[in-house]
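> Pasting in a structure now, in structure tokens, and then I'll have a few things to ask.
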2 protein chains.
Amino acid sequence: MGLAENQLSFDLVEEWITKHPSASICTSEGVQMFRDIAIFQDYHGLTEFRNAVARFMGKVRGGRVSFDPARIVLAGGATGASELITFCLADPGDAFLVPTPYYPAFDRDLKWRTGIQLIPVICESSNNFKITKEALEEAFQNAQKSSIKVKGVIIANPSNPLGTTVERETQITLVNFINEKQIHLVCDEIYSATIFSRPNFISIAEIIEEVECNRDLIHIIYSLSKDMGFPGFRVGIVYSYNDAVVNCGRKMSSFGLVSSQTQHFLASMLSDDEFVDDFLKTSSMRLAKRHQTFTSGLEEVGIKCLNSNAGLFCWMDLRALLKEPTFEAEMVLWRLIIHKVKLNVSPGFSFHCVEPGWFRVCFANMDDATLEIALKRIRIFIQATVKKSDVPAKKSKQWQKNLRLSFSGGSRCEYEESLKSPSVMSPHSPMSPAQLVQTRT
Amino acid sequence: MGLAENQLSFDLVEEWITKHPSASICTSEGVQMFRDIAIFQDYHGLTEFRNAVARFMGKVRGGRVSFDPARIVLAGGATGASELITFCLADPGDAFLVPTPYYPAFDRDLKWRTGIQLIPVICESSNNFKITKEALEEAFQNAQKSSIKVKGVIIANPSNPLGTTVERETQITLVNFINEKQIHLVCDEIYSATIFSRPNFISIAEIIEEVECNRDLIHIIYSLSKDMGFPGFRVGIVYSYNDAVVNCGRKMSSFGLVSSQTQHFLASMLSDDEFVDDFLKTSSMRLAKRHQTFTSGLEEVGIKCLNSNAGLFCWMDLRALLKEPTFEAEMVLWRLIIHKVKLNVSPGFSFHCVEPGWFRVCFANMDDATLEIALKRIRIFIQATVKKSDVPAKKSKQWQKNLRLSFSGGSRCEYEESLKSPSVMSPHSPMSPAQLVQTRT
């Protein structure tokens, strides 16, 4: 349950594949294309691929905005795209502001080879982790005091790990903020097709149609890893409104261009309007159902999650289970969940959350039966815990206060060490599918 | 004729594809694999892919050495692999020594985002551009005098643009040199399956079996872009004998991993011993024939090339056609060949050659008829030039001396500008197929 993957609608994809053999250049139907595709290495990417991606991005945003294929820059997955935009916009030592909690691998993807810094913008549970002008301003001023050059703000919308979309007013605040400071705004919108309930997703592409700003400062990261569930295909996209960034980024495509075989295949698939419309609708419905099953299952044993409308995960509030409100206690609980409950979840501190006790739990990378097993394990765990204190969970939530955990051992280091393993260094997930708890088995 | 691509044996590949539909996950025969492949994102790569690549690398080296799949690190094409190893081995400001003439895009691929420097090791035509100990030592000492930290030597074997393999003695010299200095040796062996005549290719993997050295200093770059002719598939490999580099490089795979779709397809293809053996044999024979046709066609009009045994290009000696022995005169001749003769060739200065008048001409990215057209154009050009001075080419080669060109205009800037265009920023070629002279049409 630690991997933010979307496996709920692969049946639709598999059906499409078998009906469209010529979409693959590696079939008797498609082999006549093989030669041209195999030797293709234009950094612009296949025209039909860029067109299809631009159209798909528009559809995902409800057709309310359109995207220019000429502004699409290819990169090696969302990871490569994130690094590419950072290389384009900043020099070593420069910084970006990032609202917390944020995707843990940003610390590696954005900083490692570029030499830039990330400065957290503190968001808190008291207002559902909303990004405020005050928090942005404080982070900016602190950087200035330390003589750090702030080059921009990076947000994920929908948020990973929160599973919430960034509301219109917040995005307007952000645009005004970066426009006033004349710094960049990078919007990671890789979960934009995972919206399963209201409010609707609003892309930064829509906001800048309404709010006056210097468009040269606006950039979108996209990928098919989450929305389609194809992380293995390494499709990363930078969509920039800034010509210089498009030109520079395109040259950087050489370091991680999307395989032309994959471009060709996906160009065919994403150009099929009927398939895409059905996929987006079905995927959203299945995510809604899965989210409902999971969160209501948790609620039955008194576990609340942040109210969310998107993503492949819940932001689970286990603050009441901490022995004390510290990250050390969060680690104790995390180790317990990993080793005793045998569920792979991700602790909040790895997302730079400032409040101990939050955990990200993914619910879309397994089948219904596996989800039931996971819920059952959680139920047994909570009931056992509750039994100890003789406070029935359903009758009173006082157990949460009474039952702070007392498991010993463990430290933050253990989680950080686990992040260092190559298999864990996977994009948009701090845990690999091969690791730890597979509830499937 | 500016693009180093191998299109001579695609018929074998196409035949294999049609006979093996299940090798593609995007066929009715392969669709049951789709789900697992699409979500695959382990930075080690598919086990069967790494096994197949290791085995293929061994076969290409005549089975005289074997490669450990666990040492194979995936990257986005040879470009991504070259950058990755540079990031692993050096800090900004550090330098690598590179024997000249060398692949022009090294200046972008290796330096741009890593901040390292390249220091040329001067090789000259007087000894067929051999890499000497004296030249290496001189470059090293000069760097030290300038307080530049030399981290290693990078060679391409077979050489691009020379089309020659690096002989055993030279490689032993190199290994002793880097071992003595305790610096790294990076061997770009992406043309290793393009050997078409004696002497045989000797990989650095063979040399270090014979010569005592610190193996932690030895690294190989590989790719399927040239040997198989699949640049579009973006298969880049770093093979390192250094555990720390393997571990670090594998984490960097996240920025440009090979598409799992492509990994799966190529794993099947490269695991087919019969196909691979036939491909390697046939490809070599066709390259030999093509090289023979092309060089003898050039010789008929008095043009000599460096004697070569590998690669997809000739290193053509047009020194006699220069108005004067300068790079300005080389530019004049280059512009003439591009604009008047309508052939896309690459001037020697772009490869950092220290002697004006050498040009790289590619011969494997076209069919026989197109090659004939190219040769015809060269013939007409030379004959017209010869006619002017009334010295028949076939009777006397004095025309070479008498016919220094007098075309005006042009400068080095023009070529450098052309390199800045995104379509030109393609791996292992300073020119894109879409650009300039297509003799096909």
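The values are calculated or read from the model by the stated rules, or taken from the named source; none is laboratory data. Note that this is a predicted model, so its numbers are computed, not measured. A quick note on method: Cβ atoms are made from the backbone with ideal geometry, for glycine too, and the neighbour counts reach across all protein chains shown. Side chains included, ligands, DNA and RNA excluded: accessible areas come from the protein's heavy atoms. Shrake-Rupley method; radii C 1.70, N 1.55, O 1.52, S 1.80 Å.
> Before rounding to the nearest 500, sum -39500 (n - 2.57) across all DSSP H runs of length at least 4 in the protein assembly as shown and divide by the residue total; then give [θ] at 222 nm in deg cm²/dmol.
Helices in the protein assembly as shown give a 222 nm mean residue ellipticity of -12500 deg cm²/dmol.
> May I pose another question? Determine, from the Cβ-Cβ distance of B:GLU15 and B:ALA288 and an R0 of 25 Å, the FRET efficiency 1/(1 + (r/R0)^6), rounded to the nearest 0.05.
Efficiency, rounded to the nearest 0.05: 0.70.
> In percent, what relative contact order does chain A have, based on Cα pairs under 8 Å that are 6 or more apart in sequence?
Value for chain A: 23 percent.
> Starting from the Cα of A:ASN127, step 7 Å along the direction of its Cβ; do the same at B:ASN307; then give the gap between the two resulting points in nm.
7.9 nm
> Which log10 I(q)/I(0) values does the range A:3-115 give at q = 0.11, 0.19 Å⁻¹ under the Debye formula, counting every alpha carbon as one identical point scatterer?
Listed by q, the Debye log ratios stand at -0.59, -1.26.
> At 37 °C and 0.692 mPa s, grab the translational diffusion coefficient of the range B:125-215 from Stokes-Einstein with a Kirkwood Rh over Cα pairs, rounded to a whole number in µm² per second.
235 µm²/s
> Let me ask something else. Over chain B, average the accessible area per residue using a 1.4 Å probe and give it in Å², no decimals.
Value returned for chain B: 36 Å² of accessible area per residue.
> Sticking with this structure for a sec: Can you tell which of B:ARG377, B:ARG64, B:ARG234 shows the greatest fluctuation in a Gaussian network model of chain B with Cα springs below 10 Å?
So, out of B:ARG377, B:ARG64, B:ARG234, the one fluctuating most is B:ARG64.
> Specify the angular offset, from 0 to 90 degrees and rounded to the nearest 10, of the alpha carbon long axis of helix A:368-389 from the longest principal axis of the alpha carbons in chain A.
Relative to chain A, helix A:368-389 is tipped by roughly 30 degrees.
> Enter the angle in degrees (range 0 to 90, nearest 10) between the Cα long axis of helix B:168-181 and the first principal axis of the Cα atoms of chain B, meaning the one along which they spread out most.
Helix B:168-181 and the main axis of chain B meet at about 70 degrees.
> To continue, here is another question. Out of all DSSP beta bridges with both ends in the protein assembly as shown, state the antiparallel percent to the nearest 5. List each step's numbers first, then the result.
On the way: 40 of 74 bridges.
Percentage antiparallel, nearest 5: 55.
> Once the protein assembly as shown is represented by equal point scatterers at the alpha-carbon sites, with solvent omitted, what log10 I(q)/I(0) does the Debye formula produce at q = 0.05, 0.07, 0.08, 0.10 Å⁻¹?
Rounded to two decimals, the profile gives -0.30, -0.58, -0.75, -1.11.
> Report ³J(HN,Hα) in whole Hz for each residue of the range B:99-109, in order, from the Karplus equation J = 6.51 cos²θ - 1.76 cosθ + 1.60 where θ = phi - 60°; Gly and Pro get x.
Per residue, the Karplus-derived 3J(HN,Hα) values read x, 9, x, 9, 3, x, 6, 3, 4, 8, 4 Hz.
> Pairs of Cα atoms under 8 Å, at least six residues apart: use those to get the relative contact order of the range A:10-272, whole percent.
Value for the range A:10-272: 28 percent.
> Oh, and also: In square angstrom, rounded to the nearest 10, how much accessible surface does B:TYR241 have for a 1.4 Å probe?
Solvent-accessible area, nearest 10 Å²: 30 Å².
> Given the options B:GLN383, B:ASN242, B:TRP315, identify the residue whose Cα lies farthest towards the positive end of the charge dipole of chain B (+1 on Cβ of Lys, Arg; -1 on Cβ of Asp, Glu).
Sorting the options by dipole projection puts first B:GLN383.
> For helix A:260-270, report the angle its Cα long axis makes with the longest principal axis of the Cα atoms of chain A; keep it between 0 and 90° and round to the nearest 10°.
Tilt of helix A:260-270: around 80 degrees.
> Continuing with this model, one more query. Let me know the charge dipole size of chain B about its Cα centre in debye, to the nearest 20, where only the beta-carbon of Lys, Arg (+1) and Asp, Glu (-1) is charged.
Its charge dipole is roughly 1560 debye.
> Same structure, new question: Might you report the magnitude of the Cβ-based charge dipole of the range B:10-272 about its Cα centre, with Lys and Arg at +1 and Asp and Glu at -1, to the nearest 20 debye?
I would put it at about 320 debye.
> Ignoring any ligand, DNA or RNA, what whole percent of the accessible area of the range B:258-353 comes from carbon and sulfur when the probe is 1.4 angstrom?
About 50 percent, which is the carbon plus sulfur part of the accessible surface.
> Right, here's the next one. Which one of B:GLY357, B:GLY302, B:GLY232 has the biggest mean-square fluctuation once chain B is modelled by GNM with Cα springs under 10 Å?
Result: B:GLY232 has the largest fluctuation of those listed.
> For the interface of chains B and A, what total accessible area is buried with a 1.4 Å probe, rounded to the nearest 100 Å²?
Summing both chains' loss of accessible area gives about 5700 Å².
> Output wanted: per-residue J couplings in Hz (rounded whole) for the range A:303-308, from phi through Karplus 6.51 cos²θ - 1.76 cosθ + 1.60, θ = phi - 60°, x for Gly and Pro.
9, 9, 10, 4, 5, 10
> Using a 1.4 Å probe on the heavy atoms of the protein chains only, list every residue of the range A:258-273 that has 10 Å² or more less accessible area in the complete assembly than in its chain alone.
Output list: A:SER259, A:SER260, A:GLN261, A:THR262, A:PHE265.
> In the protein assembly as shown, with Lys and Arg counted as +1 and Asp and Glu as -1 at Cβ, which of these residues, A:GLY58, B:LEU185, B:ASN6, has the Cα nearest the positive end of the dipole, that is, farthest along it?
Of the listed residues, the answer is B:LEU185.
> Additional query: Taking the radius of gyration and the Kirkwood hydrodynamic radius from Cα positions alone, what is the Rg/Rh ratio for chain A, to two decimal places?
A ratio of 0.97.
> Another one. Which entries of A:LYS111/B:LYS111; B:LYS111/B:LYS133; B:LYS59/B:LYS181; A:LYS289/A:LYS376; B:LYS149/B:LYS181 have Cα-Cα distances beyond 22 Å here?
Over 22 Å apart, Cα to Cα: B:LYS111/B:LYS133; B:LYS59/B:LYS181.
> Counting Lys and Arg as +1 and Asp and Glu as -1, each charge on the Cβ, what is the dipole of the protein assembly as shown about the Cα centre in debye, to the nearest 20?
Charge dipole, the protein assembly as shown, about its Cα centre: 340 debye, nearest 20.
> Enumerate the calculated ³J(HN,Hα) couplings along the range A:289-300 in order (Karplus 6.51 cos²θ - 1.76 cosθ + 1.60, θ = phi - 60°), each rounded to whole Hz, writing x wherever the residue is Gly or Pro.
Per-residue couplings from phi come out as 5, 5, 4, 4, 4, 5, 5, 6, x, 5, 5, 4 Hz.
> Separate question: Would you please give the FRET efficiency between A:ASP91 and A:GLU209, computed as 1/(1 + (r/R0)^6) with r the Cβ-Cβ distance and R0 = 30 Å, to the nearest 0.05? Could you put the intermediate results ahead of the total?
Working: r = 31 Å, r/R0 = 1.04.
In this case the efficiency is close to 0.45.
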